[in-house]
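Following: one structure in structure tokens, then a few remarks.
The values are calculated or read from the model by the stated rules, or taken from the named source; none is laboratory data. Bear in mind that the values here come from a model prediction, so they are computed numbers and not experimental data. Glycine also receives a Cβ, built like all others from the backbone with ideal geometry; neighbour counts cover every protein chain displayed. All accessible areas refer to the heavy atoms of the entire protein, side chains included, with ligands and DNA or RNA removed. Shrake-Rupley method; radii C 1.70, N 1.55, O 1.52, S 1.80 Å.
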Amino acid sequence: MTSVQLPVRGPFSLATGVRFLEGFTPARYRGADDGVLRLAFPLDGSGESVGVAVHQEPDETVSVRVDWRVPEGLPAQVARILSLDVDGSGFGDVLAADPVVGALAARSPGLRPVCFFSPYEAACWAVLSQRTSRAAAASVKERIAQLWGRDCPVDGVQLWAFPSPARLAEVADELPVPEVKRHRLRAIAEAAQDGRLDAGRLRALPAEAALAAVQELPGMGPFSAELVVVRGAGAPDVFPRNEGRLHAAMADLYGLTDPTVDELAQRAEGWSPYRSWVSLLVRAHAAAHPGAPARRLAATAT
């Protein structure tokens, strides 16, 4: 076994992230009780797939373990998946400046977005989940991984990586989805192969330009584009303008009556440069307490 350490700047809790991942339908993550996060995924820019075991040490550093060697690019990809590629040392200032956000963060200490393994996989999920339930889409995604992905056992735990872009393009006509989704998935695979869905490229663009670039792909509307940029590329400072449930939770949190998206976006400016992170806090707590008034939820955290 070979391991590499990932630096942690600012608050981060792998255990909190794992708990969130266990309730995140697309991941279908089934964790163990040993504090280790085990993942399998295609390595960015390579036909290779890899299985990793991630553990947070008592000194809060994060260790990534692989079976034999650490492939080039793996530490950076895992850091992006866990949002550890972002300096979070200023996050406390955002929490201190907004009591509502600070209260939510207190209920999920150290929570950062746990992203899709790549913008490519996020885009595939967006297509698979269209016009079907999230549970059904997760089952189809898992089946695709088992049929055409790579078997990557980690610590004796059987894991399957989703097919690489090249492999998905090869088998697109065989995928267990309607023809329109096959077409869209093939286009996504091709875009990933030619660099249009490269995480670094999307992160380097202004948010509006990155979203527009993703929407050039078939089947990628505004909501899906935000998923790809925020949860796929891991952009830390994007306020989702097309997520109604998030907006409803925000309105309740701040006691706003029928706010416009622009008004909510203006409110979220105070979350910068971590607007994606705070959006996750709002979304996660609203999901964990369906039907509970968000203002009462926030108050109980103080």
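Over all pairs of distinct alpha carbons, what does the Kirkwood formula give as the hydrodynamic radius of the range 133-240, in Å?
15.0
Considering only protein heavy atoms and a 1.4 Å probe, what is the carbon-and-sulfur percentage of the accessible area of the chain?
Here carbon and sulfur together make up 51 percent of the probe-accessible area.
List, in order, the whole-Hz ³J(HN,Hα) value for each residue of the range 73-83 obtained from phi through the Karplus relation with A = 6.51, B = -1.76, C = 1.60 and θ = phi - 60°; use x for Gly and Pro.
x, 5, x, 5, 5, 5, 4, 5, 4, 8, 6
Using the heavy atoms of the protein chains alone and a 1.4 angstrom probe, what is the accessible area of the range 160-227 per residue in square angstrom?
Counting only protein heavy atoms, the per-residue value for the range 160-227 is 47 Å².
Ordering H247, H55, H183 by accessible area with a probe of 1.4 Å, largest first, what comes out?
So the residues, ranked largest to smallest area, are H183, H55, H247.
Which residue, R186, R283, R69, has the most motion in a Gaussian network model of the chain that connects Cα atoms within less than 10 Å?
Among R186, R283, R69, the largest mean-square fluctuation in the Gaussian network model of the chain belongs to R69.
Rounded to the nearest 500 deg cm²/dmol, what is the calculated helix-only ellipticity per residue at 222 nm for the chain, with -39500 (n - 2.57) per DSSP H run of length n ≥ 4?
-13000 deg cm²/dmol
Taking just the C-alpha trace of the chain, give me its Rg and Dmax in Å.
Rg, Dmax (Cα atoms, Å): 18.8, 56.
Could you sort T61, T260 by accessible area so the largest value comes first, with the probe set to 1.4 Å?
The ordering from most to least exposed comes out as T260, T61.
Convert each backbone phi in the range 197-210 into a coupling constant with the Karplus relation 6.51 cos²θ - 1.76 cosθ + 1.60 (shift: θ = phi - 60°), then list the ³J(HN,Hα) values in order as whole Hz, x for Gly and Pro.
Computed from phi, the couplings for the range 197-210 are 10, 5, 4, x, 5, 5, 5, 6, 7, x, 3, 4, 5, 5 Hz.
Quick one: how many Å² of L37 are accessible to a 1.4 Å probe, rounded to 10?
It works out to around 0 Å².
Using only Cα atoms, figure out Rg for the range 164-302 and give it as a multiple of 2.2 N^0.38 Å.
1.24
With +1 on each Lys and Arg Cβ and -1 on each Asp and Glu Cβ, and nothing else charged, work out how big the dipole of the range 222-290 is about its Cα centre, in Debye to the nearest 20.
That gives the range 222-290 a dipole magnitude of about 240 debye.
Between the range 56-75 and the range 176-227, what is the separation of their alpha carbon centroids in Å?
29
For the range 130-146, what does the Karplus curve 6.51 cos²θ - 1.76 cosθ + 1.60, with θ = phi - 60°, yield as ³J(HN,Hα) per residue in whole Hz, taken in order and with x for Gly and Pro?
Per-residue couplings from phi come out as 6, 6, 7, 6, 4, 5, 5, 5, 5, 5, 5, 4, 5, 5, 4, 4, 6 Hz.
Sequence gap at least 6, Cα distance under 8 Å: using those rules, report the relative contact order of the chain to the nearest whole percent.
Relative CO of the chain lands at 19 percent.
Compute the helix-to-body angle for 244-254: its Cα long axis versus the longest principal axis of the chain, expressed 0 to 90° and rounded to tens.
That works out to roughly 30 degrees.
Which value, in debye to the nearest 20, describes the size of the charge dipole of the chain about its Cα centre when Lys and Arg Cβ atoms bear +1, Asp and Glu Cβ atoms bear -1, and nothing else is charged?
It works out to roughly 660 debye.
From the P(r) of the range 1-153, can you give the percent of Cα pairs sitting at distances over 23 Å?
More than 23 Å apart: 41 percent of the Cα pairs in the range 1-153.
Of W125, W68, W148, W160, which has the most accessible area and how do the rest follow, probe 1.4 Å?
Descending order: W68, W160, W148, W125.
Can you list residues from other chains, or at least 5 along the same chain, whose modelled amide H is less than 5 Å from the amide H of W160?
Here the answer is C152, since their amide H atoms fall under 5 Å of that of W160.
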